[in-house]
């Protein structure tokens, strides 16, 4: 479960507002036995989570298309984690700062050391919540299609088309100061099996 | 909005059961002005959706990491669509069959013509629901980081690391009949900018 959460870049956060469910994509980090999420202090999602509303956070890694011999047995290979619970807001400044660092490090390991730390104003503009991983479950599908026995005789190509999230060449900011090359944590960025 | 839905492979479906939100990843298809979702007739999610429970379906395409000069301005480039509404079950056999075909075609265009169609038993074991795209919104972030003016002078590499979901070599089913090569819809499978 930890390896799935550590490989993912985006989670989908579910919460309810007046009976209507919402599903919002956002970055996150696994931080020990908690999952931390951040955003604007004005965000409806973060207000709901900070208020202790029941939440569901799902991380999904798509590994491939499963191409079967029948419509019915088509599937996907994937790994996913679903976390249920009520989040708690992190307000203590030093813990909050470390949680924000954890999110940047989760996305781009090695990044935090070189960048400007948050100011007091930025800290106030940001809300951070944590969700314990106590109530979490993982689902994984791997391997070839599981066709009906009779269908194996059909003259249909079947198998898996593996998919990977892969980095392309880094694009330098147009305003980048002269002489700055992308550092190893950018040029060497890889994720999971990518 | 349609181009985002057409490029995505997995959606995250939000629904509420006794006050608890759930977020479940699943395949889908945009089918004209509706989004269709299928699964086991026994699935809790599909039962809730078929019963007309308020739902939220989110499709997210991750395009890149936005690496800024400060922790605060780190971000992601992405395209997402959020659809709200109440689904309607598709029960008319011919419409249901076409909806199931649409889901396979969405994932692997060109696939349906060659595979075995659903049997009566498979049709009964499958539930299909459709959600109108009436109440839908898209969000898109592109481009380089937006740093604080003073931070542009920092000696920090900044820019975007583009990410793409790319296919690897197809893996033939170990039980594949001799002499079957992967067809063009497999060897030529591409998605969006990938």
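Given the range B:2-187, what whole percent of its Cα pairs are spread farther than 28 Å? Mind showing how you got there, number by number?
Details: 7201 of 17205 pairs.
Across the range B:2-187, Cα pairs with separations above 28 Å total 42 percent.
Over the range A:81-194, the reciprocal of the mean inverse Cα-Cα separation, the Kirkwood hydrodynamic radius, stands at 19.2 Å.
Comparing A:51, A:158, A:181 in a Gaussian network model of chain A, where Cα atoms under 10 Å apart are tied by springs, the biggest mean-square fluctuation is seen for A:181.
Helical runs assigned H by DSSP (4 residues or longer) give the protein assembly as shown a calculated mean residue ellipticity at 222 nm of -5000 deg cm²/dmol, each run adding -39500 (n - 2.57) before division by the residue total. Please find, in a Gaussian network model of chain A (springs between Cα atoms separated by less than 10 Å), the residue of A:177, A:102, A:53 whose mean-square fluctuation is greatest. Largest GNM mean-square fluctuation: A:177. P(r) tail for the range B:129-194: Cα pairs beyond 14 Å make up 78% of the total. When every Cα-Cα distance of the range B:118-162 is counted in 10 angstrom steps from zero, the calculated P(r) takes the values 16, 22, 15, 16, 16, 10, 5 percent. With label points set 7 Å from Cα along Cα→Cβ, the inter-copy distances at residue B:184 are 4.6 nm, sorted shortest first. Calculated FRET efficiency, residue B:139 and residue B:91, Cβ-Cβ r, R0 45 Å, to nearest 0.05? Using R0 = 45 Å, I get an efficiency of 0.85. Which FRET efficiency, nearest 0.05, do residue A:51 and residue B:191 yield, Cβ-Cβ r, R0 45 Å? The calculated FRET efficiency here is 0.70. Binning the C-alpha pair distances of the range A:70-138 at 10 Å intervals from 0 yields a P(r) profile of 16, 33, 27, 14, 7, 3 %, listed from the shortest bin outward.
Legend: calculated FRET efficiency, residue A:148 to residue A:3, from the Cβ-Cβ distance at R0 = 41 Å, rounded to 0.05, equals 0.80. How far is helix A:93-107 tilted off the main Cα axis of chain A, in degrees rounded to 10, range 0 to 90? On a 0 to 90 degree scale, this one is about 40. Placing a label point 7 Å from Cα along the Cα-to-Cβ axis, residue A:138 is separated from the same position in the other copies by 3.6 nm, shortest listed first. Distances, shortest first, from the label point of residue B:88 to those at the same position in the other copies read 4.7 nm; the point lies 7 Å along Cα to C-beta. Kirkwood analysis of the protein assembly as shown, using all unique Cα-Cα pairs, places the hydrodynamic radius at 22.1 Å.
For chain B, a Gaussian network of Cα nodes joined below 10 Å ranks B:58, B:27, B:91 by mean-square fluctuation, and the top entry is B:91.
Any read-out appearing in this document is the output of simple, stated calculations on the displayed coordinates, not a laboratory observation. As the structure is a prediction and not an experimental result, all values here were calculated from the model. Every residue, glycine as well, gets a Cβ built from its backbone with ideal geometry; the counts of neighbours run over all protein chains shown.
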